[in-house]
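Asks: Dumping the structure here so I can ask a few things about it.
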Amino acid sequence: MSRSVLRVAGGPGAGQNTWERFNKLPFPEDEAFLYSTFPEGFMWSVGSAAYQSEGAFEKDGKGLSVWDTFTRGGNRIATGDVGSDSYHNIHGDIRALQKLGVSHYRFSFSWPRIFPNGTRSSFNEAGVSYYRNLIQRLKEIGVQPIVTLYHWDLPESLQRTYQGWINPVVVDFFKDFADFCFREFGDDVKYWITIDNPFVVAWHGYGTGLVAPGMKGDPGLPFRVGHNLLKAHAAVWHLYDEQYRPKQGGQISIALASHWIRPIKTRRESIQACQCSLNFVLGWFAKPIFTDGDYPLCMKSNLSSRLPSFTEEEKRAINGTADFFALSFGPVLSFHLINESLKFGQTEDLDLRRLLYWIKAEYDNPRIFIVENGWFVNGNTKTEDPKHMYYLKRFIMETLKSITYDNVRVMGYTAWSLVDGFEWSREYGIRRGLFYVDFDSPNLKREPKTSALFYQKLIEKNGFPLLPENMPATGVFPCNFAWGVAANSIQVEVTPSQFIDPNVYIWNVSGNGELKKLSEARVSSRRKTHCSDYAAIRYQVSQIRRMHVSHFHFFLNWSSILPTGKVSEANTTLLGYYKCFAAELLQGNVTPVVTLWHRTAKHSGLPASMDAKKGWQSMETVLAFVKYARLCFKHLGDHVKMWITLNEPNMGNPEYMVGHHLLKAHALAWHVYDKEFREAQKGQVSLTLHMDWVEPAYSFSRDDVEPAIRVLDFRIGWFAEPIFGDGDYPEGMRKWLQQRNTLDLFGYHLPVFSEKDKKLVRGTYDFFALSHFTTTLVFERVEEKLHYDDKLEVHYLLDNTWVRSRGRVPVVPWGLRKVLNWVKTKYKNVPIYIMANGVDEDQARLQDNLRIYYIYNYINEALKAHLLDGVNLQGYFAYAFNDQSDPGFGLYGVVHDELVVKSSLMH
């Protein structure tokens, strides 16, 4: 490849448009999951580094490296003396590579294993044989090697004698080492990396002292080291280009690492600060190589004399010395080794796609090979590493979007790393391998982790092909399908706004046409109040009718209807208002659906007197609820044919005795309606259960099915099974709590239903009502205590590729279909109503695109459940009516107390 091809026009500063570009992309469509595959011939790779994995630090003539010395100094605890012992375990690594099905394997040569003192005079045949054997084994399984010449393990002899990369003479030693490697291995190696992550070597090896050789104190030292690293890379590139490329036909680059940064404000100064942050880390080495042979202006202006200068000849020698852009992105820098000073007051973010686009813009669209990417898990994690798996999924998805949407020329992807090993400054406190290594076992056996199985499947499919279940359905719901909207509360103004003035007026027809009040003329008001007299009712009903729904779901306020808790002291005026509201809905061809009790985050929903007497912990509240329900049935039942006794009693993890009483309250109220009102009013009664879905974290494994079932038992089955099942709590729930009580003395006592109670509760439904908003993943290992449920011994997790709402709630449409099928399977095709389904969004956004996306996709999953799965779905209620009663969820916004139509309402 001639150098003229590599010279680029360059575009320093062009990357600054990245932030503005991505802010303008359509949300959430641009963030939605992309079902597609990678280009044919895409390079799937996995990587490792010699010091992290090889071990055998003094075996077969190997010399010491700066890391061998560094890990024995200061307050260091662990070393890479053994690592994952790849030196003695080539066969284990080869088996792991075969299992993954990668096309390429990136690994590094240990300079002191080949040249123990760093120079050719100390040539070590045993070290050469090791790498020759490894490359031969790779050829046998059809995996191409990608070799890194220098991955941080400088021979200790060069550090001790010449102060390492501070001294320009090391450039010549490195060039000689590279010359030997090209000559010895170049016929079999077509991809070379000269130096891995020169930023970490310079900044932290010779600046902060966090990594080997651990030097610090001189603020100008990192920049002098970086200067020499650039010269070393360029010298080796020219060596290969001039002496080896014509025969060997390979390609060579340098692995540059970066973080990503986002502005804390959208103003120009913040974006310029972000640009400077990237230039200080990535641009430090990328601009000289990919643009003009010189450092970024931001560095030059900030560092002044601390930054060395290149001569014009050196600039020409450095510029263009890369056949592709080798990019490293992950925890080696992000959130770990980026100093606050390098963020320039902005916020670090994990966004590979934006970084790829920035590189495209800033360096004139180079071919990019992602040569290191992934995340990490805690050091005590074994083979289940869903956190790592979902980060891989996210990064690979961002890579796919970068290729598909942004036309970035990404040629390959390298997951990091092949096996667990020594993690530099983090030692063994974290793990990054796709294969688990038991460091305490004698043979350090490799076991595939969940992330390995995921990566294997991904490579097999070459991405994320569109599956039939992911395709939208076309069809219609039945003609009598209930289309509704729900509201936590309605506007209540119990004073009629018409016909309450007792004065007599005459109309001055011949004059100015105004009404004139007759003095001292009054009539006695014997006219009864009409429902149409309430302006608040007329206004709300008119807005509901504008939505073209067939049903409207609203909640009564128990504490307002019975302020003292006593039926004998009911607020009949308010009851009359609710009655009028229901009547006016019917008049407008909208069926009212009424909930008797619901709690909010701030209020129990109970009259104050009951709150003061232990609330639902007391049977008195249960009996009071039955009386309240009877009152509502009596006063409103002629207009209301669909009742919900309790809304989401399973929310908020109530105490088990509270749950027991709630179930009894529902059952008793249902029986009251069934015996006293059903024949005359011909309505239906049930309760609404909150039913967010729980999915096993590993879709390709059965390991977490049992924990998911356990969570569903406790979240949903707790209330569903007694009513819709056999009249008792789920067997799994009771067994789990019994086991916990025995082992841990937690005192989790689940009440017992008597046979009489079972009979009372069982079958107290006319339909299955549920509310559903999102989905959570679950697995059975502790990763982060914050997301671990001690009682159920499960860990909750979110897929990093899911779209999130303003409140960070994941949008996962397929979860609704799973919920509906779960109900159908468990409860014999019971009629189902989705009583609430919606998403929060910024109240100021009347163009609420996320809600449009959400409603469309969730309804489509409901349609699939109906058409394809035979679910007996009877209705769907969007949540919510307006922002006034349900802030952030409304299909109507509120501006100056007036309802304003949002885009989602029209859709």
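The values are calculated or read from the model by the stated rules, or taken from the named source; none is laboratory data. Fair warning: this is a prediction, and the values are worked out from it, not measured in the lab. Every residue, glycine as well, gets a Cβ built from its backbone with ideal geometry; the counts of neighbours run over all protein chains shown. These area figures cover heavy atoms from the full protein model, side chains too; ligands, DNA and RNA do not enter into them. Shrake-Rupley method; radii C 1.70, N 1.55, O 1.52, S 1.80 Å.
Asks: Do the alpha carbons of any pairs in Lys216/Lys287; Lys682/Lys864; Lys579/Lys627; Lys627/Lys675; Lys387/Lys864; Lys579/Lys613 sit beyond 20 Å of each other, and which pairs? Working shown, then result.
Replies: Values: Lys216/Lys287 26 Å; Lys682/Lys864 31 Å; Lys579/Lys627 18 Å; Lys627/Lys675 14 Å; Lys387/Lys864 30 Å; Lys579/Lys613 30 Å.
From Lys216/Lys287; Lys682/Lys864; Lys579/Lys627; Lys627/Lys675; Lys387/Lys864; Lys579/Lys613, over 20 Å: Lys216/Lys287; Lys682/Lys864; Lys387/Lys864; Lys579/Lys613.
Asks: So what J values fall out for the stretch 719-725 if you push phi through Karplus, 6.51 cos²θ - 1.76 cosθ + 1.60 with θ = phi - 60°, rounded to Hz, Gly and Pro as x?
Replies: Residue by residue, the stretch 719-725 yields 9, 6, 5, x, 8, 9, x Hz.
Asks: Within the stretch 415-475, list the trypsin sites (Lys or Arg not before Pro) lying in a DSSP loop whose Cβ has at most 12 other Cβ atoms in a 10 Å radius. Each step should come with its number before you reach the end.
Replies: Values: sites: Arg426, Arg431, Arg432, Lys445, Arg446, Lys449, Lys457, Lys461; in loops: Arg432, Lys445, Lys449.
Here the trypsin sites (Lys or Arg not before Pro) that fit, given the DSSP loop and packing criteria, are Lys445.
Asks: With both bridge residues required to lie in the chain, what share of the DSSP beta bridges run antiparallel, to the nearest 5%?
Replies: Antiparallel bridges make up about 25 percent of those DSSP assigns within the chain.
Asks: Given only helices, namely DSSP H runs of n ≥ 4 each adding -39500 (n - 2.57), what is the per-residue ellipticity at 222 nm of the chain, to the nearest 500 deg cm²/dmol? Show your work: numbers first, answer last.
Replies: Values: 32 runs with 321 residues, N = 907.
The helix contribution divided over the chain gives -10500 deg cm²/dmol.
Asks: OK, next. Apply the Karplus curve 6.51 cos²θ - 1.76 cosθ + 1.60, θ = phi - 60°, to the phi angles in the stretch 139-147 and return the couplings in whole Hz, x for Gly and Pro.
Replies: Here the 3J(HN,Hα) series is 4, 5, 9, x, 10, 7, x, 10, 9 Hz.
Asks: Further, regarding this structure: With +1 on each Lys and Arg Cβ and -1 on each Asp and Glu Cβ, and nothing else charged, work out how big the dipole of the chain is about its Cα centre, in Debye to the nearest 20.
Replies: So the dipole magnitude of the chain works out to roughly 1760 debye.
Asks: May I pose another question? Pop out the ³J(HN,Hα) list for the stretch 631-644 in order, Karplus 6.51 cos²θ - 1.76 cosθ + 1.60 with θ = phi - 60°, rounded to Hz; leave Gly and Pro as x.
Replies: 4, 5, 4, 5, 7, 10, x, 5, 10, 10, 10, 9, 10, 10
Asks: While we're here: Hull surface divided by four, with the convex hull built on the Cα atoms of the chain: how many nm²?
Replies: Orientation-averaged projected area of the Cα hull: 48.7 nm².
Asks: Among the listed pairs Lys99/Lys401; Lys247/Lys300; Lys231/Lys382, give every one whose C-alpha distance is greater than 31 Å.
Replies: Lys247/Lys300; Lys231/Lys382
Asks: A further question on this structure: Where does the stretch 751-907 land on Rg/Rh, using Cα atoms and the Kirkwood Rh?
Replies: Details: Rg = 18.6 Å, Rh = 17.8 Å.
That ratio equals 1.04.
Asks: Accessible area per residue for the chain in Å², computed with a 1.4 Å probe and the full protein assembly in place, what is it?
Replies: Values: 36840 Å² over 907 residues.
Roughly 41 Å² per residue, with all protein chains present.
Asks: Mind checking the dipole of the stretch 765-907: about its Cα centre, +1 per Lys or Arg Cβ, -1 per Asp or Glu Cβ, Debye to the nearest 20? The partial results should precede the final answer.
Replies: On the way: 15 positive and 18 negative charges, 104 e Å.
That gives the stretch 765-907 a dipole magnitude of about 500 debye.
Asks: I've got another one for you. For the stretch 1-130, what is the charge dipole size about the Cα centre, in debye to the nearest 20, if Lys and Arg each add +1 at the Cβ and Asp and Glu each add -1 at the Cβ?
Replies: 400 debye
Asks: Same structure again: The stretch 759-843: which GluC sites (Glu not before Pro) are DSSP loop and have at most 12 other beta-carbon atoms within 10 angstrom?
Replies: For GluC sites (Glu not before Pro) across the stretch 759-843 that sit outside H, G, I, E and B with at most 12 neighbouring Cβ atoms in 10 Å, the list reads Glu784.
Asks: Summarise the accessible area of the chain (1.4 Å probe, protein heavy atoms) by the percent that is carbon and sulfur.
Replies: On the way: 18590 of 36840 Å².
After summing per-atom areas, the C and S share lands at 50 percent.
Asks: For each cysteine in the chain, check whether another cysteine's C-beta sits under 4.7 Å from its C-beta; list those where none does.
Replies: When partners are defined as cysteine Cβ atoms under 4.7 Å apart, the chain leaves Cys181, Cys274, Cys479, Cys632 without one.
Asks: Going toward the positive end of the dipole of the chain, with +1 on Lys and Arg Cβ and -1 on Asp and Glu Cβ, which of Ile264, Asn480, Pro39 do you reach last?
Replies: Ranked along the dipole, the leading option is Asn480.
Asks: If you don't mind, another one. Along the charge dipole of the stretch 279-379, Cβ charges K/R +1 and D/E -1, which of Gly283, Tyr357, Leu297 sits furthest on the positive end?
Replies: Positive-end residue among those listed: Tyr357.
Asks: Please label the shape of the stretch 66-144 as rounded, prolate or oblate, based on the square roots a ≥ b ≥ c of the eigenvalues of the alpha-carbon gyration tensor (a/c under 1.5 means rounded; beyond that, a/b larger than b/c means prolate, else oblate).
Replies: oblate
Asks: Would you work out which of Trp693, Asn653, His671 lies farthest towards the positive end of the dipole of the stretch 650-730? Charges go on Cβ: Lys and Arg +1, Asp and Glu -1.
Replies: His671
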